[in-house]
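The values are calculated or read from the model by the stated rules, or taken from the named source; none is laboratory data. Here the structure is a predicted model, which is why all the values come from computation and not from measurement. A quick note on method: Cβ atoms are made from the backbone with ideal geometry, for glycine too, and the neighbour counts reach across all protein chains shown.
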Amino acid sequence: MQESSVDSSGTRFTPLVVVELASDTAEETIAWLLSRIRDLQNNGGSELLVEQMGSGVGAEEEKENPNMFLVGASWQRMLVGAEEIGLFKEYNDGSMRGFTCANKHNFKDFKGDGDSFLSMAECQYIIKHELDTLRAKDETHVPGHTSAKLYPGKSIVRRLQSKGILIQIFPLHEKEELKRLTFSWYNKVKLSLQPLDEIRHYYGEGQALYFGFLEYFTFALVPMALIGVPYYLFDWEDYDKYVIFAAFNLVWCTVILELWKRCSASLAYRWGTLSRKKAFEEPRPGFHGVLGFNPVTGREEPLYPNAKRQLRVWLVSLPFVLLCLYLSMYIMMIYFQMEGWALTVNDEDPTFWTGVLVFIPSIIYAVVIEIMNIIYRYAAEFLTEWENHRLESSHQNHLILKVLVFNFFNCFASLFYIAFVMQDMLLLRQSLATLLITSQILNQFMEAFLPYWLQRRRNKKMIRKVQKRKNMEDKQLPLTEQVRLEADMSVYLGTFDDYLELFLLFGYVSLFSCVYPLAAVLVVLNNITEVYSDAFKMCRVFKRPFSDPAANIGVWQLAFEAMSVIAVVTNCALIGMSPQVKAYFQESEQQLIIWTVAIEHGLLAFKFILTFLIPDVPKHIQINLARLEFESLEALKRKRELHGGKCWKPRSSARPSSEEERRSYRY
């Protein structure tokens, strides 16, 4: 059980979220922020419970930040928050419905006061939502910080973050629950499915869907691996017999993505996020512009001309990406020169060492690719931030597009060149194997060994702190230690890098595995270790992330589907280049090209037909969702009849004041 804390009013509560302010924050600012957090909702507050964390004995000598606050809420407030965010829970009839306080006793597992009805992750998400929606009323600036301007409707938390007053907000781990999850997840080696429901219960739907997709992708690779091993062993010396495997590749990469959409829809329905309405997106903390009025909300906020943003995208970001692609191509040509030199040396004097030398250019090139991807990632993040997108979703989409284009070109351009320009299948197999193995070794080092080493080092540092204090009395010491330890942990930056790695692995398998059938085997082995390394990082290395109520894997689904379309074109081209197919068109190469293009177009058409034939949502879930929509409409009709057919009109938004001259502001 999590230790309890006491609010200034004397109310005991379970601390769920930590808010850390800068150590030099003015007392006036702290008092104002705490009063707004504690104030009633009717007065514009969050109606949450908050307590300043005890610094602990010896904190001054260790220069620990005293401005750390534990935030929680009463159970009644949690239930109201669950209704506000549109949380879906299981109803007594087994369906998933939006939670309402008026109907709370009709929900499954709601017993007594409902103090165990919501998971800890859901409670933490509710608190984060309430803090994010805390808005300024009539303040013109943050008390104690005259440079931090405010205006009616301004998000207080976002303003404090952009000004560096609020350092971080993070949810606390629940030690006993984390132990149980750790034991069932990665503490023992087992041949069983991941505990997705437990992961979702502790970390939220976004994380659970990632691990669900990782598990699904691993199982989907098993048929490719089972076919690939004997295919590789029996055709080791004949690199051209890949037509059958390429044909299987075409069907495989289409079917697994369509079935995944059904699988993710089933998971999202079971978890109550499939039909959950997305909350209205607020501007990003880093968004800046000239102060104006939002035509939708009527609130004052920074406005930035879309034309100016588009100019930055097309005249700066796009040329920069093209320049990086040119640089990548230039390095690729250097790699081919090194490869040609190594092959020449081996042909002139074939020895063991010259045989090893043949693989050195590919290894160096694989390492250079990883380094270039990392450097480009920082440049892409800087450019996307400079483009000044208003919404976080738009910001993420532009960042993902930049990173995907460069990573795809950087990782696969050399393979396309070898396959379709040099038409050297032996070199293609060798290059693919070297790139895949080297990248996996580097990723495992970065994702498994390095986090483990950092965690061991952090634990030793924490043990030294505890030993200094073990003879001192402090009732809050255990909770204080936990908060301080988690505050120093690395910030979890989301599933971006994890999905990117799976995207590239999917590309290696779907594009060229017909030439190197062991690619699927290597990716399966990588994914198995990936499950354990990612689980370890989530539980031991990173701060606990806030729950993300996702219904699918988002824009990554489109990225994988785009890769599958490219895979169809690539595999058709490889089939057309094979000696077996060329033998049928010895007299006319033009006919070969026409037939290859025609078959490729036919397969693409079949792929899109298959997309329509396989519903994204299973039939029984569609029926349940339609029934709930019908019941909602019927309930709305009855409510209108009770009010005499009158509809309630929404309040007109308050007119924003125009007393200040318009200036530039940053969220």
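Results for (1) closer than 30 Å to I167 by Cα; (2) among the polar types (S, T, N, Q), shown as yes or no for each residue.
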{"residue": "G272", "(1), (2)": "no, no"}
{"residue": "F287", "(1), (2)": "yes, no"}
{"residue": "N294", "(1), (2)": "yes, yes"}
{"residue": "R309", "(1), (2)": "yes, no"}
{"residue": "V316", "(1), (2)": "no, no"}
{"residue": "F320", "(1), (2)": "no, no"}
{"residue": "I334", "(1), (2)": "no, no"}
{"residue": "E339", "(1), (2)": "no, no"}
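One line per residue, one yes/no per condition, for (1) free of Cβ contacts under 8 Å to residues at least 12 places away in the same chain; (2) surrounded by fewer than 11 Cβ atoms within 10 Å (Cβ to Cβ):
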| position | (1), (2) |
| --- | --- |
| S578 | no, no |
| Y584 | yes, yes |
| S588 | yes, yes |
| I594 | yes, no |
| L603 | no, no |
| L610 | no, no |
| I614 | no, no |
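E282 fulfils the conditions (1) in a loop (DSSP other than H, G, I, E, B); (2) more than 30 Å from F99 (Cα to Cα) except for a single criterion, (2).
For beta carbons closer than 8 Å, sequence separation of 6+ or different chains, a first residue in segment 34-54 that is assigned by TED's automatic domain parsing to the domain that holds I126 and more than 18 Å from S23 (Cα to Cα) and a second that is basic (K, R) and at pLDDT below 90, the qualifying pairs are G44/R135; G44/K137. Segment 288-398 holds helices (runs of 4 or more DSSP H) entirely within its bounds, and those carrying 1 or more residues that are out of contact with any strand residue (DSSP E or B) (no Cβ under 7 Å at 6 or more places or on another chain), of a type in the set (F, W, Y) and over 28 Å from F496 (Cα atoms) map to 318-348, 352-357. In segment 155-169, the residues that are more than 14 Å from L33 (Cα to Cα) reach residues that are part of a loop (DSSP other than H, G, I, E, B) and among the β-branched types (V, I, T) with C-beta atoms within less than 9 angstrom, at least six apart or across chains, in these pairs: Q168/V491. Residues that are outside any helix (DSSP H, G or I) and over 30 Å from G298 (Cα atoms): does segment 128-149 have at least one? No, segment 128-149 contains no residue that is outside any helix (DSSP H, G or I) and over 30 Å from G298 (Cα atoms). Against the condition over 30 Å from S5 (Cα atoms) and outside any helix (DSSP H, G or I), how does I553 come out, does it pass? Spelling it out, I553 is indeed over 30 Å from S5 (Cα atoms) and outside any helix (DSSP H, G or I). Is it the case that segment 640-647 has a residue that's surrounded by 10 or more Cβ atoms within 10 Å (Cβ to Cβ) and either modelled with pLDDT of 80 or more or in a helix (DSSP H, G or I) (or both)? Yes, segment 640-647 has at least one match.
Would segment 560-567 turn up any residue that is out of contact with any Lys or Arg (no Cβ under 6 Å at 6 or more places or on another chain) and farther than 30 Å from L435 by Cβ? Checked segment 560-567: no residue is out of contact with any Lys or Arg (no Cβ under 6 Å at 6 or more places or on another chain) and farther than 30 Å from L435 by Cβ.
Quick grid of which residues meet (1) surrounded by 18 or more Cβ atoms within 10 Å (Cβ to Cβ); (2) under 24 Å from L493 (Cα atoms); (3) under 29 Å from the mean Cα position of the chain (by Cα):
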site: L322; (1), (2), (3): no, no, yes
site: G355; (1), (2), (3): no, no, no
site: S362; (1), (2), (3): yes, no, no
site: Y365; (1), (2), (3): yes, no, yes
site: I374; (1), (2), (3): no, yes, yes
site: N407; (1), (2), (3): yes, yes, yes
site: S431; (1), (2), (3): yes, no, no
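For Q207, the stated conditions do not hold, so it cannot be described as assigned by TED's automatic domain parsing to the domain that holds M68 and either buried (at least 16 other Cβ atoms within 10 Å of the Cβ) or touching a helix residue (DSSP H, G or I) at 6+ places or on another chain (Cβ under 8 Å) (or both). Residues in segment 539-549 that are at pLDDT 90 or above and either more than 17 Å from the chain's Cα centre (by Cα) or not polar (S, T, N, Q) (or both): K543, R544, P545, F546. The single condition among (1) touching a residue at least 60 places away in the same chain (Cβ under 8 Å); (2) crowded, with 18+ Cβ neighbours inside 10 Å that A148 does not meet is (1). Exactly one residue out of L558, L603 is assigned by TED's automatic domain parsing to the domain that holds H398 and modelled with pLDDT of 90 or more: that is L558. Contact map, segment 241-269: first residue in the same structural domain as L603 (by TED's automatic domain parsing), second residue acidic (D, E) and not in a helix (DSSP H, G or I), Cβ cut-off under 7 Å, separation 6 or more or different chains; pairs are K241/D235; K261/D616; R262/D616; A265/D616. The single residue among A121, A82 that is touching a Gly at 6+ places or on another chain (Cβ under 6 Å) and within 24 Å of P15 (Cβ to Cβ) turns out to be A121. Might you let me know whether segment 214-224 holds any residue that is of a type in the set (A, V, I, L, M, F, W, C), modelled with pLDDT of 90 or more, in the same structural domain as G576 (by TED's automatic domain parsing) and exposed (fewer than 15 other Cβ atoms within 10 Å of the Cβ)? So far as segment 214-224 goes, yes, one or more of its residues are of a type in the set (A, V, I, L, M, F, W, C), modelled with pLDDT of 90 or more, in the same structural domain as G576 (by TED's automatic domain parsing) and exposed (fewer than 15 other Cβ atoms within 10 Å of the Cβ). Would you check if there is a residue in segment 330-349 being surrounded by fewer than 13 Cβ atoms within 10 Å (Cβ to Cβ), more than 28 Å from Y508 (Cβ to Cβ), in contact (Cβ under 8 Å) with a residue 12 or more places away in the chain and assigned by TED's automatic domain parsing to the domain that holds H201? Looking for residues that are surrounded by fewer than 13 Cβ atoms within 10 Å (Cβ to Cβ), more than 28 Å from Y508 (Cβ to Cβ), in contact (Cβ under 8 Å) with a residue 12 or more places away in the chain and assigned by TED's automatic domain parsing to the domain that holds H201, one finds none in segment 330-349, hence no. Exactly one residue out of V568, V523 is assigned by TED's automatic domain parsing to the domain that holds Y216, of a type in the set (V, I, T) and closer than 17 Å to E447 by Cβ, and it is V523. Entry remark, segment 90-111: residues being buried (at least 19 other Cβ atoms within 10 Å of the Cβ) and in contact (Cβ under 8 Å) with a residue 40 or more places away in the chain number 3 in total.
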